[in-house]
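Accompanying notes for the structure given below.
The values are calculated or read from the model by the stated rules, or taken from the named source; none is laboratory data. Treat the numbers as computed from the prediction; the structure is a model and nothing was measured. No Cβ is skipped: glycine too gets one built from the backbone with ideal geometry, and neighbour counts run over all protein chains shown. Note: areas computed on protein heavy atoms with side chains; ligands, DNA, RNA excluded. Shrake-Rupley method; radii C 1.70, N 1.55, O 1.52, S 1.80 Å.
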Amino acid sequence: MPTSKKNPSETRVRRAYALHNDKPHHHKPHDLPYYDPDYDHPRHYEHEPPDNPRYPDRRIYGEYASKKPPQYLPHPFEHACFRPREKDYKPPVRCGDYGDELCIRKDHRMLTTDEQNRFLNAFTQINIMNALGPLVDIHSNAIHQMHGNPRFLPWHRIYLLRMEELLMMVDPTVCIPYWKSSEEQAFPSWLLGFTPTVNLMSGPHTVTRNIGMFATLPDTTDVAAALANGTFNTFASALEGIHNSGHVWVGGSMGSVAFAPCDPVFWMHHCEIDRIWAEWQAANPGQDPALTGAAAIMDPWPETEVDTRDITALGYSYI
Ligand SMILES: [Cu+2]
């Protein structure tokens, strides 16, 4: 592999190392300060996600989980939570495990104040335990080929599920609500003051927004037009376009692939995209993405495209 086409994460590690050494560092001769894209010799991406010894939970991080988790370093949840005495325990809040709870995903406008608070509290908890950052980092890794092709919908279906499982480890009553932006034409007001800082591989990122500055929000006519498509590829590409505009409409972190999942509205936006897909699936039985071989595996997780077809089998529903 030519040294000028290094994996970006290697560069990041070297940069972090240089900072850590606190010595002046210089560009090495092979670290050119410019880069001309060359389509005949595309960038080489590592096929193995980085080994991350801090996150041994394979259920959530898939191939990103440590291959050899050190004995002395338990999962963040295993030692981050105090436990009350048995006689003081108040179900259902618990920590470190989740079972087979079925999630009923609701329109965020149907949530009670208590449900809104539980969602934001669980989001905050997984964030301060540094369990959210590595999930966001998975989204910044282009090797998963999750945008601009038929993997878009099935891949994000599993991604949402992993997030929901993480939230449910803190509070099993929490499900990801959906944001029907085409109908509302407004940002969920209860999220406006919530701009968390998330620790990513690239460093801490604080959520910003630039609502309505750089795009208009697709409306119900756009969604109806997407739903009218009779084949998966025409439907999914129309829906991905609507989804892209929603990202840009929120702006700030949501406008960037690497940072978008730091904003809780990312999950509510994708929940709505997933809900629209489920609605289309019910109306177009048997129309599945044509994915085979490696493209049919929703890496870094083991689920295949076939596993993503039935949301009830995945353990959730929409009302
Ligand atoms: Cu995405």
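Numbers below:
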| item | result |
| --- | --- |
| Portion, in percent, of the accessible area of the range 99-183 that falls on carbon or sulfur, probe 1.4 Å | 49 |
| With every protein chain in place, the range 212-307: carbon and sulfur % of accessible area (1.4 Å) | 61 |
| Approximate spin-label separation Ser256-Gln145, in nm, with each point projected 7 Å along Cα-to-Cβ | 2.7 |
| Contour minus Cα-Cα distance for Phe214 and Asn244 (0.36 nm per residue) | 9.6 nm |
| The range 262-313-the range 111-183 distance, computed between alpha-carbon centres (Å) | 14 |
| Average accessible surface area per residue within the range 95-236, 1.4 Å rolling probe, Å² | 40 |
| Accessible area expressed per residue, the range 266-319, with surrounding protein chains retained (probe 1.4 Å, Å²) | 41 |
| Highest average packing first - 220-230, 273-283, Cβ atoms within 10 Å | 273-283, 220-230 |
| Distance histogram for the range 214-319 (every C-alpha pair counted, 10 angstrom bins, percent rounded to whole numbers) | 13, 40, 39, 8 |
| Theoretical gain in end-to-end length, Trp190 to Asn233 [0.36 nm per residue, Cα-Cα removed] | 12.0 nm |
